[in-house]
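For reference, the structure is listed below as structure tokens.
The values are calculated or read from the model by the stated rules, or taken from the named source; none is laboratory data. As the structure is a prediction and not an experimental result, all values here were calculated from the model. For neighbour counting, all protein chains shown are included, and Cβ atoms are generated from backbone atoms with ideal geometry for every residue, glycine included. These accessible areas exclude ligands, DNA and RNA; they are computed on the full protein's heavy atoms, side chains included. Shrake-Rupley method; radii C 1.70, N 1.55, O 1.52, S 1.80 Å.
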Amino acid sequence: MPTPVIETVELSKTYEGAVGGVPVLSGVDLTIEYGEVVALRGPSGSGKSTLLNILGCLDRPSRGRYVLGGSDVSGLTREEQAWVRLHYIGFVFQSFHLLSHATALENVSLPLHYAGVPRSKAEQTARELLSRVGLNHRGSHFPAQLSGGERQRVAIARALMSRPPVLLADEPTGALDTRTGTEIMRLLLELHRERGTSIILVTHDPSVAEYADRQIFLRDGKVVSTPEASLGARS
Ligand code: ADP
Ligand code: MG
């Protein structure tokens, strides 16, 4: 068997609050192969974003193991997490998370430039990616001058700059109308096919989840086997 791109073993997360620990994830076991497209579903508050943030090395598990690309990344320092994010992970958010005072080209190129890639090289790659997502004429526009769908295209271009093996998308169509959301999902799948990128997609929309090879359902911080077992999911 080839090494999976992502493997979690008994992954748990507890937030320490004033009234003691609140368990949010309890013993999540996941295996995701290179090149898979997986939809992560479950009702609001079931722990989807928490899980995605741990998979994206934006957060750390309280217990359990997270193995990314064959290496255990459960206990990395913040600096090490940043390095792993840069090389392994692209992140796309529901609300785009673009820098409002930077142009589309800068939003896409700056993260790689700050990571040490010469500006001209980062901008060249950014131009190619902006062109690939259909925005070659929008590089000098600021986010406020772009539509929601265009902003998400900028965010997708930014996420793919370092050719990460894994793209994590938290409700990427959640702020878009249905037609634009469909265009964004088609674009994500085209990029997946061209680049072999694995995609883990959080969505509560069954029609968006249909794009995935496989669906995983979360309920109360645990993986459950069927949509019926995940309250609020499609029966
Ligand atoms: P989902 O994305 O499935 O809606 P989340 O992962 O955002 O769920 O949240 C799961 C649970 O964890 C919720 O009850 C939420 O209130 C709680 N939670 C999320 N982030 C924090 C945090 N930083 N501190 C404390 N509790 C949190
Ligand atoms: Mg969420």
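Some observations on this one:
- Normalised by residue number, the volume inside the convex hull of the Cα atoms of the stretch 50-152 is 118 Å³ per residue.
- If the convex hull is drawn through the Cα atoms of the stretch 103-150, its volume per residue in Å³: 65 Å³
- Sum of -39500 (n - 2.57) over DSSP H runs of 4+, divided by residues of the chain (222 nm, nearest 500): -10000 deg cm²/dmol
- Among Gly47, Ser71, Pro61 - extreme Cα towards positive end, dipole of the stretch 45-84, charges at beta-carbon: Gly47
- Most to least packed among 193-206, 66-79, 149-162 [average Cβ atoms within 10 Å]: 149-162, 193-206, 66-79
- Alpha carbon Rg of the stretch 80-235, scaled by the compact-globule rule 2.2 N^0.38 Å: 1.08
- A simple spin-label model places pseudo-atoms 7 Å from Cα toward Cβ; at Asp59 and Tyr114 they are separated by 2.1 nm.
- For His141, residues with placed amide H under 5 Å, excluding near neighbours: Ala104, Leu105
- Take the Cβ atoms of Glu190 and Thr14, set R0 to 41 Å, and the FRET efficiency comes out at 0.55.
- List Ser46, Ser225, Ser131, Ser140, ordered by accessible area with a 1.4 Å probe, largest first: Ser225, Ser140, Ser131, Ser46
- By average C-beta atoms within 10 angstrom, highest first, the peptides 2-10, 180-188, 35-43: 35-43, 180-188, 2-10
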